[in-house]
1. When residues of the range 62-95 are filtered for being part of a helix (DSSP H, G or I) and either at pLDDT 75 or above or crowded, with 16+ Cβ neighbours inside 10 Å (or both), how many remain?
2. Please name all residue pairs, on different chains or six or more residues apart, with Cβ atoms under 6 Å, provided the first residue is in the range 206-235 and is on the phi < 0 side of the Ramachandran plot and the second residue is at pLDDT 85 or above and not in a helix (DSSP H, G or I).
3. Select from the range 108-149 the residues that are of a type in the set (Phe, Trp, Tyr), closer than 18 Å to Asp98 by Cβ and in contact with a Gly (Cβ under 7 Å, 6 or more places away or on another chain) and list them in ascending order.
4. Which number in (1) at pLDDT below 65; (2) over 30 Å from the mean Cα position of the chain (by Cα) marks the one condition that Glu10 misses?
5. Looking at the structure I just gave you, is Leu100 of a type in the set (A, V, I, L, M), under 18 Å from Ser223 (Cα atoms), in contact with a Lys or Arg (Cβ under 8 Å, 6 or more places away or on another chain) and not in a loop (DSSP other than H, G, I, E, B)?
6. Just to verify a result, which residue in the range 209-237, among those that are modelled with pLDDT of 80 or more and among the basic types (Lys, Arg), is nearest to Arg91 (Cα to Cα)?
7. Is there any pair linking a residue in the range 118-140 that is assigned to a strand (DSSP E or B) and among the β-branched types (Val, Ile, Thr) to one that is crowded, with 16+ Cβ neighbours inside 10 Å and modelled with pLDDT under 90, with Cβ under 7 Å and at least six apart or on different chains, and which?
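The values are calculated or read from the model by the stated rules, or taken from the named source; none is laboratory data. The structure presented is a predicted model; accordingly, all values stated were derived computationally and were not measured. Here the Cβ positions follow ideal geometry from the backbone for every residue, glycine too, while neighbour counts run over all protein chains shown.
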Amino acid sequence: MPERRYTDEEVAKIFERAAEAQQAARKQLTSGESPEGMTLAQLQEIGKEVGISPELVAQAARSVALPVRATGRKFLGLPIGVGRTVDLERRLTDAEWDQLVVDLRETFDAKGTIRHEGSFRQWTNGNLQALLEPTPTGHRLRLRTFKGGAMGSIFGGAALLSASLVGLTSMFLQGAQGGAYVSLSLIGAMGAVMFGAGALQLPSWARLRQRQMEDVAARLSSSLDADESLDRDNELG
């Protein structure tokens, strides 16, 4: 039996109705129809209607529920450092730490280096760090990074721009003339370009690193939850 083919008019109606169904599902998701909130199963069911897999919904839910604390550093209102700290309810095993390192390497596309100092462990790749430290109830994972390259561009650009402005102001006050004006103006323009290049990349860089860190924390929490569920099943079995 030949496969059904749809006319242009039918195609338009199909996508129109699909879009309407997707929009209705999204409204249901955000309408707050239940004063007590929604369960994960309900969220996953709505996610299916808008094309989001139950696994992704569960992972997103875990990332929201995680006790993750945001840290960071700013310069001139720009994010030059990003960090996330999460307290785990138990200590990681050696195998779980190894798996976390694998996830870090894949997420940040970097091999990095590993160090052990007693009960402290760390994975670092330049300014990017993942620190695992013991707490009375488990482990604390600290993820942090710093955009050193952008800071060099910002400081270098600011220095050139300042030198250019000072020189131009001095020449103007002295009534000087000549090609020095052009040279100083070019230096100032170079400084402005360097400053802008360093500053403009920071917001998108910070958002990417924040999302990556939160995803790592969510996957780690998911793995620990799965291990605990397996242990309970084995005990019941």
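1. 4
2. Ala206/Val82; Arg209/Val82; Arg209/Thr145; Gln210/Val82; Met213/Arg84; Met213/Leu143; Ala217/Val86
3. Trp123
4. Among (1) at pLDDT below 65; (2) over 30 Å from the mean Cα position of the chain (by Cα), Glu10 violates only (1).
5. Here the answer is no, as Leu100 does not meet what is asked.
6. Here the answer is Arg219.
7. Going by the 7 Å Cβ cut-off, there are no qualifying pairs.
Matching residues to (1) β-branched (Val, Ile, Thr); (2) modelled with pLDDT of 65 or more; (3) surrounded by fewer than 15 Cβ atoms within 10 Å (Cβ to Cβ); (4) part of a helix (DSSP H, G or I):
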position	(1), (2), (3), (4)
Gly149	no, yes, yes, yes
Gly156	no, yes, no, yes
Met171	no, yes, no, yes
Ile187	yes, yes, no, yes
Arg207	no, yes, yes, yes
